[in-house]
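Shown next, in structure tokens, is the structure this report addresses.
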Amino acid sequence: MGSSSHLKRLAIPRTWPLPRKTTIWVTRPRAGAHSLERSMPLNIVIRDVLGMARSTREVRRILHQKLAKVDGRIVKDVRRGVGLMDVLTLGEENFRCVLDTNGRLRYRPIPASDADWKVCRIEGKTTIKGGKTQLHLHDGRNILVDDASEHKAGDSLKISLPDQNILDHIKFAEGTRCMLVGGLHIGILADVSSHVVKRSSMPNEVVFDGFGTIASNVFTVGNCELPGVEVRK
């Protein structure tokens with residue numbers, strides 16, 4: 001029986017860009033905003049993916065010196081997960097987590113001017129006391145807004161980091177640019193041609209130029225620049 005803080009390397013998600021037959025164990029990310037498949041622990045990202053440390057001890061030293069930030073906030077937990085669209089800052093270097101065309105998590109370098117914002121997909125919304133609407137975002141955040149009708153599931157918000165102010169509301173509509181986070185065309189940017197709403201238990205579909213996919217595979221990004229993500233012509 002394995003430890004709750006570790007994961008057998010043979011059982012790691014396919015989204016992790018790691019070899020499977022080198023050691024037995026890897027660090028398991030702490031339960032948090034992202035799922036296991038959509039995030040990697042800081043220890044693995046800094047040591048194995050970015051190559052900025054040779055051991056977990058060196059990673060801990062980096063964190064204890066307050067040189068690491070996730071979404072603009074200092075982190076000291078080696079098991080803190082860094083997931084899709086998160087911004088990782090290590091000293092003067094900044095990275096954004098995206099998916100490549102093989103569906104693997106990649107941490108692409110970004111300029112400092114892009115490290116103070118991120119895009120979050122709206123997964124749902126609820127009405128709370130006082131009549132305000134609470135938006136539930138893909139990274140576990142909850143943001144209050146006044147107008148419930150303006151924000152729908154599938155839309156995205158561009159928010160500032162770390163104070164979470166809404167910079168832009170990106171509506172999911174025809175012509176909107178989206179990143180594919182699932183399906184055969186994962187890891188590319190494409191513009192929506194149409195949205196097919198099913199009047200059954202079947203998932204809604206989104207049609208692009210030459211292909212289609214289910215709505216849960218679509219992440220609305222609008223005009224936001226994502227490093228290393230190619231645009232489908």
*For the stretch 6-114, what is the charge dipole size about the Cα centre, in debye to the nearest 20, if Lys and Arg each add +1 at the Cβ and Asp and Glu each add -1 at the Cβ?*
540
*Would you list the P(r) distribution for the stretch 6-114, with all Cα-Cα distances sorted into 10 Å bins from 0 and each bin expressed as a whole %?*
15, 51, 30, 3
*How big is Rg to Rh over the stretch 177-231, alpha-carbon atoms, Rh as the Kirkwood inverse-mean-distance radius?*
0.98
*What's the extension gain from L184 to S160 if we count 0.36 nm per residue and subtract their Cα-Cα distance?*
5.5 nm
*Can you give the percent of C-alpha pairs in the stretch 1-47 whose distance is more than 15 Å?*
40
*Computed from these coordinates, which is Cα extents along the principal axes in Å: [x] 42, 40, 29; [y] 50, 40, 31; [z] 51, 40, 38?*
[z]
*asked:* Checking the cross-link filter: which lysines have an alpha carbon closer than 22 Å to that of K21, excluding same-chain neighbours under 8 positions apart?
replied: K8
*Considering the options V26, P109, L90, tell which one lies farthest towards the positive end of the dipole of the stretch 1-110, charges being +1 on Lys and Arg and -1 on Asp and Glu at the Cβ, about the Cα centre.*
V26
*Taking all pairs of distinct Cα atoms, average 1/r, flip it, and tell me the Kirkwood hydrodynamic radius of the stretch 117-170 in Å to one decimal place.*
11.0
*Gap separating the Cα centres of the stretch 159-194 and the stretch 61-118, nearest whole Å*: 19
*Which pairs in the list K132/K158; K118/K171; K66/K152; K66/K132 are over 26 Å apart, alpha-carbon to alpha-carbon?*
K66/K152; K66/K132
*What does the convex hull of the alpha-carbon atoms of the stretch 107-233 project to on average, in nm²?*
9.0
*Given R₀ = 25 Å, FRET efficiency for L50-K8 by Cβ-Cβ distance, to 0.05?*
0.65
*Which value at 222 nm does the chain reach when only helices count, each DSSP H run of 4 or more adding -39,500 (n - 2.57), with the total divided by all residues and rounded to the nearest 500 deg cm²/dmol?*
-1000 deg cm²/dmol
_How big is the dipole moment of the stretch 101-154 about its Cα centre under a simple scheme where the beta carbon of each Lys and Arg is +1, that of each Asp and Glu is -1, and everything else is neutral? Debye, nearest 20, please._
280
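Read-outs throughout are calculated quantities, based only on the coordinates presented, and are distinct from any laboratory measurement. This is a predicted model, so every value here is computed, not measured. Glycine gets a Cβ as well: all are built from the backbone with ideal geometry, and neighbour counts include every protein chain shown.
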